[in-house]
Amino acid sequence: MSQENVEVMRAGFAAWNAGDMETLRDSLDPNVVQRNPEGWPEPGPLVGREAVMRNWEQARELFQSDAVEPTSDLIDAGDRVLARMIWRGAGRGPEAHVEWTIVYTLREGKISLIEFFWDHAEALEAVGLAG
């Protein structure tokens with residue numbers, strides 16, 4: 001199942017970069033929870049598909065264009081996938097360049113938990129992969 005989870009995440013990143021918000025919506029469990037990193041402007045956690053989608057759509061509206069890019073291979077951790085990412089946005093003001101590691105927990109092919117970490121080592125520790 002874990003390689004399938006990696007493929008779900010790859011498809012999700014491609015959907016984000018294509019602006020396909022419906023595919024992203026479909027990838028989320030109705031009761032998904034998103035935990036933002038410490039110091040992020042929006043408080044958290046966000047609970048439910050609609051709350052997460054509203055947050056993502058508002059973030060996208062800040063820029064004329066934006067994209068996510070994994071900066072290393074996705075890490076398969078059973079029912080979780082770690083993605084070390086850069087999110088870039090341009091247009092309508094200052095450009096964005098945000099680096100973080102996101103831990104996605106999947107159940108039955110749907111994203112049920114999204115956890116953002118500024119520190120990659122902390123994300124690894126959170127899934128029991130710290131050395």
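Any read-out appearing in this document is the output of simple, stated calculations on the displayed coordinates, not a laboratory observation. Predicted model, so just to flag it, every value in this text is computed and none were measured. Ideal geometry is used to build each Cβ from the backbone, glycine not excepted, and the neighbour counts take in all protein chains shown.
Per-structure values
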| read-out | value |
| --- | --- |
| Dipole in debye (nearest 20) - the range 2-123, about Cα centre, beta carbon charges: Lys, Arg +1; Asp, Glu -1 | 200 |
| Relative contact order [Cα under 8 Å, 6+ residues apart], the chain, whole percent | 25 |
| Cα-Cα separations in the range 1-60 greater than 15 Å, expressed as whole percent | 55 |
| Potential extension, residue 79-residue 54 segment - 0.36 nm per residue separation minus Cα distance | 6.5 nm |
| FRET efficiency, 1/(1 + (r/R0)^6) with R0 30 Å, evaluated for residue 130 and residue 25 via beta carbons | 0.35 |
| Whole-angstrom gap from the range 105-125 to the range 1-66, using each part's C-alpha centre | 12 |
| The range 42-131: GluC sites (Glu not before Pro) falling in loop per DSSP and having at most 16 other Cβ within 10 Å | 95, 108 |
| Cα-based convex hull, the range 42-92, per residue volume (Å³, whole number) | 96 |
| Distribution of pairwise C-alpha distances over the chain, 10 Å bins, in % | 13, 45, 37, 5, 0 |
| MRE, 222 nm, helices only [DSSP H, n ≥ 4, -39500 (n - 2.57), over the chain, to nearest 500] | -10000 deg cm²/dmol |
